[in-house]
Amino acid sequence: MSRARRIPVLAAGLALPLALAPGAAPAQSPPLSSIDWLSDSLADDAALRPERRAPPVATDGTALAPEVTVAPLDAPAPDGVGLVDPAAAGLPPDLWGASSTDDIARRLARLPDRPLPAARDALKRLLLARLDPPQGGGTPGALALARIDTLLRWGALDEAAALIERAGTDRPELFRRAFDIALLQERENAACERLQTAPGIAPSIPARIFCLARSGDWAAAALTLETADALGQVSTEEEALLARFLELDDSDGLLPPLPARATVTPLDWRMLEAIGERRTTAGLPLAFAHAELRPTAGWKARLEATERLVRAGALPPTRLAATHTERAPAASGGVWERVAALQAFERALEAGTPRGVARALPGAWREMQRAGLGPAFATLYGARIAALDLAGPEALLAHRIALLGPDYEAAALSPPEGADPLAVALARGMMPGEMPREPLAAALARAFAVPLPEAPARLARLAEGDRLGEALIEALATVADGAQADPEDLSGALAFLRATGLEDTARRAALQIRLLEPGP
């Protein structure tokens, strides 16, 4: 059976789990997928030297055999490692087909940092699936690194760590990522112990000094820094930070803060915290927000970090409710307004009186929408508020929120008077009775026409060329732009998702585009 004929049999939930794979790009070329804030946790010592010279050639028969890296013969291919069986994920094992690892990696690298939630969830499941490696060649391991780096960009540290654990950390480029994840999750001691026991993994000078100090060998750490500085193996910035971290400055006075750095790595962040110059994670990549979830962090920092991670889908919505109801708001404005509004709504909902919920719901929804947390709020409360006997504008608001929740289809079966007919139709997977005039609304409606519109040419070519996985990424990338996407492209991408069995993703995406206001 051809790949084109197999497209419609993909299961409609796309429920994928965690997949990971390693793989090293050739030393002579940079990896296709990279993150500039990753610590230089691993590097060949030769790469740290200021000058590189060709190794001497032995002519007297004393040359040693080159070092050989050994791997088990039954070790899984890096690009095929995953945590969920493809049947359970609703995907064919050969989804990647004739694609190359480099082509898929490039598509993943172009995905937006903040995709529409429905597209993000489907893409994440795709990243975590255990699929056959692509058969179209390319750099071995490039797809594995691209999958992991995409998860890191989206703040999904637990999933990335689980994938790395499954693949093993014997490959330097994977251990580098595992090391940074451990730093952000306050598990650096385990990561440093791994450095001592992993043959063939050479830490960079700053990582080595950090781990020596963490193990209590401060003298060795200081000697290593002194030697590295003399040999020019650390930059001026690195030397200054490491010296402060090791308390090598014998000045009795207060030292001025270190200059701000253009790029802060997890290793930098942990050392700055240790010397009392803790930097806020608000302006740092999303993954850093996990460092604010520790009990030692202040409540405001934990609130803001939780909101960032829940908004990105890196934490479940339940964490939002748990963190925001810990205690009474400490002030007003900003995050405190959301805390107060959510707590007032929670109290009204627990009391179970429709009148109290009707008073608290608009304010809570307004604050959640402003913070880009509407989908999380709808997931938490949509079904509960839909079951209440509300009237007037509050009933319409409750219905709108329910359509954004997981039980959107049930909510569409009994819409209140005045409900949005397009949203109701989208939730049921149908076209509305009357075609909307507004271009974006019309594009959403056309995607649910019967029969389905033909797939856009570029997606059809990929699918027919045994590159269905790339076609799905392309379609989801278009949907990920939400209301900012070209209406015609959006309509075609949604129709393609439906044709390939991703009906739930298509409906959720259309509803989010229709009903959500732009977030921050």
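Going by what's in this entry, would Arg106 be described as part of a helix (DSSP H, G or I) and either surrounded by fewer than 23 Cβ atoms within 10 Å (Cβ to Cβ) or of a type in the set (Lys, Arg) (or both)? Answer is yes for this residue. Within the stretch 389-402, is even one residue in contact with a Leu (Cβ under 7 Å, 6 or more places away or on another chain) and basic (Lys, Arg)? Within the stretch 389-402, one or more residues are in contact with a Leu (Cβ under 7 Å, 6 or more places away or on another chain) and basic (Lys, Arg). For Thr150, the criteria (1) open to solvent by less than 10 Å² (accessible area, probe 1.4 Å); (2) in contact with a Leu (Cβ under 8 Å, 6 or more places away or on another chain); (3) of a type outside the set (A, V, I, L, M, F, W, C); (4) over 26 Å from Gly465 (Cα atoms) hold in every case but one, which is (4).
For the stretch 222-237, the criterion of being in contact (Cβ under 8 Å) with a residue 12 or more places away in the chain, open to solvent by 20 Å² or more (accessible area, probe 1.4 Å), at negative phi and in contact with a strand residue (DSSP E or B) (Cβ under 8 Å, 6 or more places away or on another chain) is met by none of the residues.
As a summary of the residue check, Leu390 satisfies the conditions (1) touching a residue at least 24 places away in the same chain (Cβ under 8 Å); (2) open to solvent by 40 Å² or more (accessible area, probe 1.4 Å); (3) among the hydrophobic types (A, V, I, L, M, F, W, C) except for the one numbered (2).
Being hydrophobic (A, V, I, L, M, F, W, C) and more than 24 Å from Val310 (Cβ to Cβ) narrows it down to one of Leu397, Leu440, Leu373, so name that one.
The match here is Leu440.
The set of residues in the stretch 292-305 being without any contact (Cβ under 8 Å) to a residue 24 or more places away in the chain, surrounded by fewer than 21 Cβ atoms within 10 Å (Cβ to Cβ) and in a helix (DSSP H, G or I) consists of Leu293, Ala301, Arg302.
It is to be established whether one or more residues within the stretch 507-517 are open to solvent by less than 10 Å² (accessible area, probe 1.4 Å), at pLDDT below 95 and part of a loop (DSSP other than H, G, I, E, B). Scanning the stretch 507-517 turns up no residue that is open to solvent by less than 10 Å² (accessible area, probe 1.4 Å), at pLDDT below 95 and part of a loop (DSSP other than H, G, I, E, B). Annotation note: Cβ proximity below 8 Å between a residue of the stretch 279-291 that is open to solvent by 10 Å² or more (accessible area, probe 1.4 Å) and a residue that is outside any helix (DSSP H, G or I) and β-branched (Val, Ile, Thr) (sequence gap 6+ or interchain) occurs for Arg279/Val264; Leu284/Val264; Pro285/Ile35. Picking from residues in the stretch 161-209 that are in a helix (DSSP H, G or I) and polar (S, T, N, Q), the one that is nearest to Arg302 (Cα to Cα) is Asn189. If you go through the stretch 308-350 and keep only what is open to solvent by 70 Å² or more (accessible area, probe 1.4 Å), part of a helix (DSSP H, G or I) and of a type outside the set (Val, Ile, Thr), you end up with Arg319, Glu337, Arg347, Glu350.
For the stretch 195-218, filtered to residues that are under 18 Å from Ile275 (Cα atoms) and of a type in the set (A, V, I, L, M, F, W, C), the residue that is most open to solvent (accessible area, probe 1.4 Å) is Trp218. In the stretch 153-194, the residue that is modelled with the highest pLDDT out of those that are open to solvent by 10 Å² or more (accessible area, probe 1.4 Å), farther than 17 Å from Ile209 by Cα and of a type in the set (Lys, Arg) is Arg153. For Ala358, are the conditions met, namely being modelled with pLDDT of 95 or more, more than 20 Å from Ala419 (Cβ to Cβ), in a helix (DSSP H, G or I) and of a type in the set (Gly, Ala, Ser)? When the stated conditions are applied, Ala358 does not pass them. Scanning the stretch 114-121 turns up one or more residues that are open to solvent by 10 Å² or more (accessible area, probe 1.4 Å) and of a type in the set (Lys, Arg).
Checking each residue in the stretch 361-387 for being assigned to a loop (DSSP other than H, G, I, E, B) and either crowded, with 23+ Cβ neighbours inside 10 Å or touching a residue at least 24 places away in the same chain (Cβ under 8 Å) (or both) picks out Ala371, Gly372, Leu373.
If you go through the stretch 400-419 and pick out every residue that is in a helix (DSSP H, G or I), open to solvent by less than 20 Å² (accessible area, probe 1.4 Å) and free of Cβ contacts under 8 Å to residues at least 60 places away in the same chain, you end up with 4.
The values are calculated or read from the model by the stated rules, or taken from the named source; none is laboratory data. Just so we're clear, the structure is a prediction, and the values are computed from it rather than from any experiment. Glycine also receives a Cβ, built like all others from the backbone with ideal geometry; neighbour counts cover every protein chain displayed. To get the accessible areas, we keep the full protein, side chains included, count just its heavy atoms, and leave off ligands, DNA and RNA. Shrake-Rupley method; radii C 1.70, N 1.55, O 1.52, S 1.80 Å.
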